[in-house]
Amino acid sequence: MSSAPSIVILTGAGISAESGVPTFRDANGLWENHRIEEVASPNGFSRNPALVHRFYNMRRAALSTVHPNPAHQAIARLQREHPGWVTLITQNVDDLHERAGSPEVIHMHGELLKARCAQCDEVRTWRKDLDALMRCDYCRSVGKMRPHIVWFGETPFYMEDIATALNRAEIFIAIGTSGHVYPAAGFVEVARQAGARTIEVNMDVTAMSDVFQEHRVGKAGEKVPALVEELLGSTRG
Ligand code: BJW
């Protein structure tokens, strides 16, 4: 077995900011004057499905205009070259980690490029627009197709795999996340209790900064490649 440390990385909207994907709270948590909770909640979807579809259709279409940046690429390199476990958990619903070459990505808040039928739960890859009148190809229900996204009040995906990774973490790194949204905001505390060294990479102070032992303050596109170089250097000896 490798003696290299088990690393868990949690990424948030800040890692994709330099690629041109807007973050949530930097825009005051608003989209076209709607609160994020309005367009990212089951209640919001039942109240106004057309509005919610428009929000996610716009973001899905925008994916084709953005590209991974050096932070995504450095993480993919760490996953390929580090001799121990590297678990990558992202709150982001974009596919920039995959496009940077990350072999495994845990999308705890879902994926823009997938749709799900709320009637039969079938999940499919989805690149086109969604609308409120669409029929599910599997169960034939009409009007039940929704983005494969975890909205407020819904249970994030892969929580058991995440708990396993956090409990064996020796290094926990959070990149570009504000620490406002749970359960992700609490992962640093779980990792600390498991004995992990904890590192925060962010341009700003966050709601969870006090819990981290180390801080790399600055843009992810600069700080993450340097951190990866350091981690790979220390395991090479
Ligand atoms: C840079 C940078 C650069 C910029 N370089 N850095 C009261 C108390 C506690 C909890 C709750 C509560 N009331 C309700 C809850 C629970 C709720 C919650 O947390 N609400 C809070 C608002 C209080 N959570 C939930 O409902 C979750 N489900 C849940 O808890 O289920 C129960 C359960 C838990 C565990 C097991 C079993 C059951 C679901 C949460 C779903 C979140 N959904 C969203 C939208 C959907 C996805 C989408 O449409 O994209 O996910 S909300 C939005 O916030 C999105 C993000 O993934 C998430 C996190 O945001 P993130 O990534 O941190 O982005 P920002 O914008 O906040 O921050 C960007 C950061 O980057 C900033 O710090 C910048 O400084 C930095 N930055 N440029 C480095 N270049």
Report task. From (1) touching a residue at least 60 places away in the same chain (Cβ under 8 Å); (2) under 15 Å from the mean Cα position of the chain (by Cα), pick out the condition that doesn't hold for Gly186. Result -> (1)
Report task. Inspect all residues belonging to region 212-219 and state whether any of them is within 8 Å of the ligand (Cβ to nearest atom) and surrounded by fewer than 16 Cβ atoms within 10 Å (Cβ to Cβ). Result -> yes
Query - Positions within region 15-30 being under 19 Å from Phe152 (Cβ atoms) and in a helix (DSSP H, G or I), in sequence order - result: Arg25, Asp26, Ala27
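Yes/no per residue for (1) within 18 Å of Pro156 (Cβ to Cβ); (2) in contact (Cβ under 8 Å) with a residue 60 or more places away in the chain; (3) more than 13 Å from the ligand (Cβ to nearest atom); (4) in the same structural domain as Gly221 (by TED's automatic domain parsing):
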| residue | (1), (2), (3), (4) |
| --- | --- |
| His34 | no, no, no, no |
| Ala40 | yes, yes, no, no |
| Phe55 | no, no, no, no |
| Ala74 | no, yes, no, yes |
| Leu78 | no, yes, yes, yes |
| Val93 | yes, no, no, yes |
Requested in this report: Would you point out the residue of region 1-30, among those that are hydrophobic (A, V, I, L, M, F, W, C) and within 12 Å of the ligand (Cβ to nearest atom), that is surrounded by the most Cβ atoms within 10 Å (Cβ to Cβ)?
Outcome: Ile15
Report task. Mind counting the residues in region 107-134 that are in contact (Cβ under 8 Å) with a residue 40 or more places away in the chain and surrounded by 13 or more Cβ atoms within 10 Å (Cβ to Cβ)? Result -> 11
Report task. Could you tell me whether Asp137 is in a loop (DSSP other than H, G, I, E, B), more than 16 Å from the ligand (Cβ to nearest atom), touching a residue at least 60 places away in the same chain (Cβ under 8 Å) and not hydrophobic (A, V, I, L, M, F, W, C)? Result -> no
Report summary line: Filtering region 178-237 down to residues that are part of a helix (DSSP H, G or I) and in contact with a Phe, Trp or Tyr (Cβ under 8 Å, 6 or more places away or on another chain) yields Phe187, Val188, Ala191, Arg192
Report summary line: Across region 103-135, the tally of residues that are touching a helix residue (DSSP H, G or I) at 6+ places or on another chain (Cβ under 6 Å) and at positive phi stands at 0
Query raised in the report: What number of residues within region 182-202 satisfy the criterion of being surrounded by 17 or more Cβ atoms within 10 Å (Cβ to Cβ) and either more than 14 Å from the ligand (Cβ to nearest atom) or closer than 24 Å to Ser16 by Cα (or both)?
Result: 12
Query - Verdict on Gln91 being touching a Gly at 6+ places or on another chain (Cβ under 6 Å) and at negative phi - result: yes
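The values are calculated or read from the model by the stated rules, or taken from the named source; none is laboratory data. Keep in mind that what you see is a predicted model, and the values were worked out from it rather than measured. Every residue, glycine as well, gets a Cβ built from its backbone with ideal geometry; the counts of neighbours run over all protein chains shown.
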